[in-house]
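Written out below as structure tokens is the structure these notes cover.
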Amino acid sequence: MNMHSRVALLLSVAFFVYGASTLSAALGSEPFPSTYQAPASVPVLIQGATVLTGTGERLEGTDILIAEGRIQAIGKGLSAPAGARVVDARTKWVTPGIIDIHSHLGVYASPAVKGLDDGNEATSPVTSNVWAEHSIWPQDPGFELALEGGVTTLQILPGSANLIGGRSAVVKNVQAATYQAMKFPGAAYGLKMACGENPKRVYGEKHQAPSTRMGNVAGYRQAFADAQDYQQQWDKYQRELAEYGKKKAERADGTAKKPKDKDAAADKELTPPSPPKRDLKLETLAEVMKGNIRVHMHCYRSDEMATMLDVADEFGFKIVAFHHAVEAYKIADRLADKGVCAAMWADWWGFKMEAYDGVQENLPMVDFPEHSCAIVHSDSGDGIQRLNQEAAKAMAHGQRVGLTVPPERAIRWLTANPAKSLGLEDRIGTLEVGKAADVVIWNGSPFSVYALAEQVFIDGALKFDRAHPPLQPRSDFLLGRHIAEAPL
Amino acid sequence: MKFLCLVALTAGLAAHGAVAQEFIIRGATVHTATAQGTLKNTDVVVRGGMIVAIGPDAGAANATIIDAKGKELTPGLFGGLTDIGLEEIAGEAQTVDSTVNFKSPGWDQQWRPELDVTSAYNPRSFVVPITRIEGVTWTVLAPSAEDSIMGGQGSAVVLDGRYDAALAGSRSLFVQMGSAGARMAGGTRAAEYMLLEQAIHEAHTAGPAGPGALLHAAGKEALARYLMGGRVVFQVDRAADILGVVRFAERQGMKPVILGGDEAWLVAKDLAKSSVPVILNPLNDLPIDFDRLAATLENAARLQRAGVRIAFSSGDTPQARLVRQLAGNAVAHGLPWESGLAAITSTPADIFGLGATHGRIAVGRSADLVLWNGDPLEVTTLADQVWIAGRPLDMKSRQTELRDRYLEKVKAHQAR
């Protein structure tokens, strides 16, 4: 666990919410702290693999040493420390763990029954007060199937019914009875926002705003304008609090001007200012404007992405990634120039009007410009099991039109780039010494329909082993299935 | 002999729409989807839209030759049970013609088995070229109803853009069972059988329909045809329901096909014994509802091992083109490669009564062919050329034109 990052996050959140003077009280008050503990593990030496590091390199016949949850060494002829497990990977490929930044596992769980339908708080177009983690059902069997597909980190998002849907949760893909035990320590929160058809349809059908795209934009802007006002109230309070503290200190040490007779009564009136009432919606948005919460925005069309880049500039926040960016290829240069990631499917298209312009070369086209950040995402309990195949399809279509993306670059769509969008690029997403040992051993190139993840490590611990059923997690929900299915 | 490169040939033939002349695909790795399996370095001769010869050095001396250079040739692929040509954009109801809803109340249902959605098929849909340039040359139009379990009829259509696209003999009746059907049948899946029995009784009873009847006169005639060995596709996933449907259908004189079948592997032996085929999505492994708690990626392999005939369908219209990915994944999870190919070529053709004309590379079959740049079941493989009834298709679609419009702009930007 990275205690430094965790404390840093606590500080940043606490500072705003409670103000500097109450910082000590706020420390430790992160309301839903991660209880994730890196699992116990023995050292592992993976020998002779084809390694896609996620930094853009492909290393042949290379060893990786994992210990104490981290990558300890990458190179040739590494020797195994005492007690290490040695994996002969001479025909295998090794990649960083896959990161899916658009998942609804746990919040839209399987089975998809009413009792587990917890993904959209579709009661108001702005619900920045809700947090996806409070909807996560850790027993969703989708988690273990995603693990079999090599997914080690997920961002769980609220749905897209709302303009502003709520906070995301970044989790490690480990089996647990609570979401806190999955929660990625120190990961910043994301904020889910949505462009286009979904919010205007959901609220338009209820005969309330927004019912149009212009209504959508008015909704985002008013929400952030309200958050600016809220922030100003807190800023004013903090100024007054500082003034109060200063005066109090002056009196305490006798440096204050001697009160004249008529001001004697005022001495008793030196009272601390009252803090504004906390507003959980505006608190989240104010944190976004301070850069402490990262905006992930569902946005299909290029024109709407451009609108949102302007809205973000107006209110001084950054959109880290557009999700479902079906038309990102139309503005690939602009996205790269702005340093905004585009999270895409390989080939989904046509299921609604705003998805009508999908092309199968979207990923390689978005990937092409300098400083680009193309990401493969799932938005699907099925797709998350095969993100490697999604990348493979896009590579093939890119190749056909002269946009060749070699495996060592394509792996970044699944690892380093999503890590960057989460602000976790210093900890996961690449195989480098010192990084978390989230590692997948594949039966061959991952960019194949026949590719299977054979072993998946999270923080150095083997969490899935295709050859060893006890290391294939099964959720509580599916216990007893084999009894019910047993033949008569 | 004229040796032409593939691109030039395609452009020339497509422009003139030539179909009658003879051409030879020379030196291909031919996956026949027949008992012959894969034939290396083999020629396929096409004349008048049909496959007329297969073998080494076959064909007339003056025929156009397409040098396959060892690339892999398969039959045109089955896109599954879809709404291609019936649905442009699923989210825009005005573009969707695959579903009926008479908004009849549950106590006064109107069943319309006489409805055949094939007549709504639009061969000029943008979805058609987008699908066929990926090697998918035919699909089966699958209707549904929103207020009853009786979906109506649909046929196989060929995706070359012809108006008269239906393939004779493929027409089938579609019925929704399981929990999805129960919601429309009054709340319990038992009512599905109750209503089916009522409709069957009406179909067997002469004279005008009485009060509370499910069927109109035309519907009685339509349903009666299926009670004499007609092909009825039942969408159903739970093992117990699958067995129930098979027994019911056989008792009533119908020839059942199971669509869905996420739990079919649990009753594989019974299905094999009854020779009932299953059209499944081999990627379904989530226990997405209580009808499919036993869903597994090994469904296809286990059914095949038990001797059940299987075909693949995602049911997804815009993504029908991904049927190869279904097959490839089934192979990755234990299905023999040849069975994976059969599940998207010959077996669905057999299931829908088209085995004598479609779904195989064999003499006398329609020249629906795809030449690939690699293993046809691999996701990194793309179709180099598709032929339907011997006509080479222009390998373009609205999507390739969109791509090309923006591609140069992207390439002009400073590369990484």
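The values are calculated or read from the model by the stated rules, or taken from the named source; none is laboratory data. Being a predicted model, the structure only gives us computed values, none of them experimental. We place every Cβ from the backbone using ideal geometry, glycine too, and count neighbours over all the protein chains shown.
Results, tabulated for the structure shown:
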quantity	calculated
Tally of residues being small (Gly, Ala, Ser) and surrounded by fewer than 23 Cβ atoms within 10 Å (Cβ to Cβ) across the range A:417-445	4
Residue within the range B:114-137 that is more than 22 Å from the chain's Cα centre (by Cα), away from chain A (no Cβ under 14 Å) and either touching a residue at least 12 places away in the same chain (Cβ under 8 Å) or part of a loop (DSSP other than H, G, I, E, B) (or both) present	no
Meets criteria (over 16 Å from B:Asp116 (Cβ atoms) and more than 23 Å from the chain's Cα centre (by Cα)) for B:Leu243	yes
Subset of the range A:430-454 [β-branched (Val, Ile, Thr) and either within 14 Å of chain B (Cβ to nearest Cβ) or without any contact (Cβ under 8 Å) to a residue 12 or more places away in the chain (or both)]	A:Val449
Answer from A:Ala14, A:Ala73, A:Ala25 - the residue that is in contact with an Asp or Glu (Cβ under 8 Å, 6 or more places away or on another chain) and at pLDDT below 95	A:Ala14
Tally, over the range A:465-482, of residues that are over 24 Å from A:Val87 (Cβ atoms), exposed (fewer than 11 other Cβ atoms within 10 Å of the Cβ) and either more than 12 Å from chain B (Cβ to nearest Cβ) or within 30 Å of the chain's Cα centre (by Cα) (or both)	1
Near pairs, Cβ below 8 angstrom, 6+ apart or cross-chain, from the range A:192-210 (free of Cβ contacts under 8 Å to residues at least 60 places away in the same chain) to any residue that is among the polar types (S, T, N, Q)	A:Lys200/A:Ser211; A:Lys200/A:Thr212; A:Lys200/A:Asn216; A:Gly204/A:Ser211; A:Gly204/A:Thr212
Subset of the range B:187-215 that is over 30 Å from the mean Cα position of the chain (by Cα) and surrounded by 15 or more Cβ atoms within 10 Å (Cβ to Cβ) - its residue that is nearest to B:Ile242 (Cα to Cα)	B:Gln198
Filter pass, B:Val30 being in contact (Cβ under 8 Å) with a residue 40 or more places away in the chain and among the β-branched types (Val, Ile, Thr)	yes
Top-ranked residue in the range A:313-334 [being under 19 Å from the mean Cα position of the chain (by Cα) and surrounded by 17 or more Cβ atoms within 10 Å (Cβ to Cβ); ranked as farthest from the other protein chains (Cβ to nearest Cβ)]	A:Phe317
Enumeration of residues in the range A:360-373 that are more than 7 Å from chain B (Cβ to nearest Cβ) and assigned to a helix (DSSP H, G or I)	A:Asn362, A:Leu363, A:Pro364, A:Val366, A:Asp367
A:Gly106 part of a loop (DSSP other than H, G, I, E, B), within 14 Å of chain B (Cβ to nearest Cβ) and at pLDDT 95 or above	yes
All helices (runs of 4 or more DSSP H) inside the range A:374-488 with 3 or more residues being modelled with pLDDT of 95 or more	A:387-400, A:407-410, A:416-422
Residues being crowded, with 24+ Cβ neighbours inside 10 Å and more than 8 Å from every other protein chain (Cβ to nearest Cβ) - total across the range A:374-389	8
In the range B:265-298, the residues that are under 19 Å from the mean Cα position of the chain (by Cα) and within 13 Å of chain A (Cβ to nearest Cβ)	B:Asn281, B:Pro282, B:Leu283, B:Asn284
